[in-house]
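Okay, structure first, notes after.
The values are calculated or read from the model by the stated rules, or taken from the named source; none is laboratory data. What you see is a predicted model; the values in this text were computed from it and never measured. Heads up, the Cβs are rebuilt from the backbone with ideal geometry, glycines too, and the neighbour counts pull from every protein chain shown. Surface areas here come from the heavy atoms of the whole protein model, side chains and all, with no ligands, DNA or RNA. Shrake-Rupley method; radii C 1.70, N 1.55, O 1.52, S 1.80 Å.
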Amino acid sequence: MNLRAVERVLPGSPNAALALVAEARETSVRALNELRDLIRGICPPVLADRGLGHAVQALVLDTPMPTTLDIDLPGRLSAPVESACYFAVAEALANAVKHSGARHAAIRIHHKAGVLRIQVADDGAGGADPAQGTGLLGVERRLGTFDGILAVSSPPGGPTIIAMEVPCELLSPKTSSY
């Protein structure tokens, strides 16, 4: 609507048109931020229905890089923990695909003695640094909500290993295999 108003106002009042453009830009930024927040809150149906292990398995099936899985989850986790961990794995895997030049990745997810341990490793060029981007910092903040931690080992030349730990209990026993 603002852009239509700009078209009408521009010939006779360029300053008013500039003000409308600025307002339209601010409105667009707010709308994009709201959309990003909404997307972050949406979880894939497989995560909600079948849990973290199955959701990561589905994620790997859609990944263009060969990725091995080692998942040992003897039950379900709370939905917020599953969501945070799913998006953490998705971010780490996306980084490996986009930035590392890796030919292979491996994901391990194990729950034992009240701690969920996740490792995402790739054979790429290394150099991943949480301080240099928002993705891994966001993962660290998300896991920190649950007293979780993120550790990154990514020397130049690789490999990159991203390790995550989240203290959490299982809510229900496993009902199906991976």
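Specify the angular offset, from 0 to 90 degrees and rounded to the nearest 10, of the alpha carbon long axis of helix 14-41 from the longest principal axis of the alpha carbons in the chain. That helix lies at roughly 20 degrees to the long axis. Helix 79-95 axis versus longest C-alpha principal axis of the chain: approximately 80°, rounded to the nearest ten. In the chain, helical runs assigned H by DSSP with n ≥ 4 each contribute -39500 (n - 2.57); averaged across all residues and rounded to the nearest 500, the mean residue ellipticity at 222 nm is -14500 deg cm²/dmol. Solvent-accessible area assigned to carbon and sulfur over the chain amounts to 57 percent, based on a 1.4 Å probe. For residue 75, the residues 5 or more places off, or on other chains, whose built amide H falls under 5 Å of its own are 174.
Computed FRET efficiency, Cβ-Cβ of residue 49 and residue 4, R0 45 Å: what is it to the nearest 0.05? E between residue 49 and residue 4, to the nearest 0.05, is 0.55. Remark: the chain carries 59 Å² of accessible area per residue (probe radius 1.4 Å; ligands, DNA and RNA excluded). Pairwise inverse Cα distances across region 121-170, averaged and inverted, put the Kirkwood hydrodynamic radius at 11.5 Å. Can you match Cα extents along the principal axes in Å to one of these, (i) 63, 36, 33; (ii) 71, 41, 29; (iii) 49, 38, 26, based on a calculation from the structure here? Evaluating Cα extents along the principal axes in Å on these atoms matches (ii).
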